[in-house]
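The values are calculated or read from the model by the stated rules, or taken from the named source; none is laboratory data. Keep in mind it's a predicted model, so treat the numbers as computed, not measured. Please note: Cβ atoms are built from the backbone with ideal geometry, for glycine as well, and neighbour counts cover all protein chains shown. Remember, those area values only see protein heavy atoms, side chains included, never the ligands or the DNA or RNA. Shrake-Rupley method; radii C 1.70, N 1.55, O 1.52, S 1.80 Å.
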Amino acid sequence: WRPCPPAWRPCRLRALRARSTDIVVSSAVLAEGLLTGHPGRDHHVGRFLATAEIAAVDEPLGLAAGRLRTRALADGVTPAPSGVDALVVAEADRRGATGDVVIVTSDVGDLSALARFGRHADRITILPV
């Protein structure tokens with residue numbers, strides 16, 4: 001995996017599709033404002049989301065994310081990782097029970113800080129976008 005230059009969004013989408021058998025996006029990520037109202041940018045985001053499984057946030061996942069965030073804070077992680085980041089890592093940790101998981105993100109630091117507290121931390125790899 002080699003990240004494409006930031007201006008090459010279509011390249012990054014193709015690279016991700018080529019390497020992944022399944023792409024999962026936590027529904028919590030949608031609250032981050034992925035769609036901007038700009039037809040050009042939104043086109044690629046829409047195409048990406050159309051290929052992804054949108055994973056719902058249920059009570060067990062929310063509680064797992066809270067535990068990860070609490071452990072990170074107790075370990076001195078500052079600033080506090082966001083709840084959305086904790087939900088992403090909790091979903092990856094849940095899926096890590098049955099196989100290896102790769103999180104692709106622009107926020108490697110916060111996700112790494114959370115992932116080390118997961119039950120399946122050894123099965124989670126975090127790559128920069």
Restricting the search to region 83-97, which residues are surrounded by fewer than 21 Cβ atoms within 10 Å (Cβ to Cβ) and either farther than 12 Å from Arg119 by Cα or modelled with pLDDT under 95 (or both)? Gly83, Val84
Among the residues of region 102-129, which ones are out of contact with any strand residue (DSSP E or B) (no Cβ under 7 Å at 6 or more places or on another chain) and hydrophobic (A, V, I, L, M, F, W, C)? Ala113, Leu114, Phe117, Ala121
Under the condition of being within 22 Å of Ser106 (Cα to Cα) and among the small types (Gly, Ala, Ser), which residue from region 63-82 is farthest from the chain's Cα centre (by Cα)? Gly76
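Quick one: would you say Ala31 is within 23 Å of Asp85 (Cβ to Cβ), open to solvent by 80 Å² or more (accessible area, probe 1.4 Å) and modelled with pLDDT of 75 or more?
On the way: within 23 Å of Asp85 (Cβ to Cβ): yes; open to solvent by 80 Å² or more (accessible area, probe 1.4 Å): yes; modelled with pLDDT of 75 or more: yes.
Yes; evaluated as a whole, the condition is true for this residue.
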When region 83-101 is checked residue by residue, the ones that are touching a residue at least 40 places away in the same chain (Cβ under 8 Å) and either in contact with a strand residue (DSSP E or B) (Cβ under 6 Å, 6 or more places away or on another chain) or more than 19 Å from Ala55 (Cα to Cα) (or both) are Leu87, Val88, Glu91, Arg95
Looking at (1) of a type outside the set (S, T, N, Q); (2) closer than 16 Å to Val25 by Cβ; (3) open to solvent by less than 30 Å² (accessible area, probe 1.4 Å); (4) in contact with a Pro (Cβ under 9 Å, 6 or more places away or on another chain), can you tell me which one Ala113 breaks? (2)
